[in-house]
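To start, the structure under review is shown below, and the notes come after it.
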Amino acid sequence: MKKNLAASLTKEDREKLAGKICDWFQQSSESRKEWEERRNGWFELWLCKPPKGRKLAWPDASNICLPLASSAINQWHGRTISSILDAPQIVKMLPIGAEDAVKAKDAEYFLN
């Protein structure tokens, strides 16, 4: 049976603990504020959002954004993750004869 630890603490101890937890959260939020601002900028770049205050080259110019960065990031991410976290080889083919070795390897590659 699970025990509620808060029930064993006094009201003053619970208030002190709550205050410490709130302070830790505030410090953590403040310490990562710069990183979150940079992350938001990267996310807007990935979404291909035009920068704020952007001026067009000439009146009525096209404001098309090509998603080159997001395409490159998505491709890199997919290739990197698949190389780091390669799926286990579920199917194992055993060749019966020497001539079956190539066929077994090809079948194993295809099935996995």
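The values are calculated or read from the model by the stated rules, or taken from the named source; none is laboratory data. None of these values were measured; they are calculated from a predicted model. Note that each Cβ is placed from the backbone with ideal geometry, even for glycine, and that neighbours are counted across all protein chains shown.
Checking each residue in the stretch 64-112 for being within 26 Å of the chain's Cα centre (by Cα), under 30 Å from Gly41 (Cβ atoms) and of a type in the set (A, V, I, L, M, F, W, C) picks out Cys65, Leu66, Leu68, Ala69, Ala72, Ile73, Trp76, Ile81, Ile84, Leu85. The residues of the stretch 62-89 that are at pLDDT below 80, loosely packed, with under 10 Cβ neighbours inside 10 Å and part of a loop (DSSP other than H, G, I, E, B), listed by number, are Ser62, Asn63, Ile64, Leu66, Asp86, Ala87, Pro88. Checked against the criteria, Trp24 does not count as hydrophobic (A, V, I, L, M, F, W, C), out of contact with any helix residue (DSSP H, G or I) (no Cβ under 9 Å at 6 or more places or on another chain) and under 25 Å from His77 (Cα atoms).
Of Glu34, Glu44, all but one fail to be part of a helix (DSSP H, G or I), surrounded by fewer than 10 Cβ atoms within 10 Å (Cβ to Cβ) and either without any contact (Cβ under 8 Å) to a residue 40 or more places away in the chain or under 17 Å from the mean Cα position of the chain (by Cα) (or both); the exception is Glu34.
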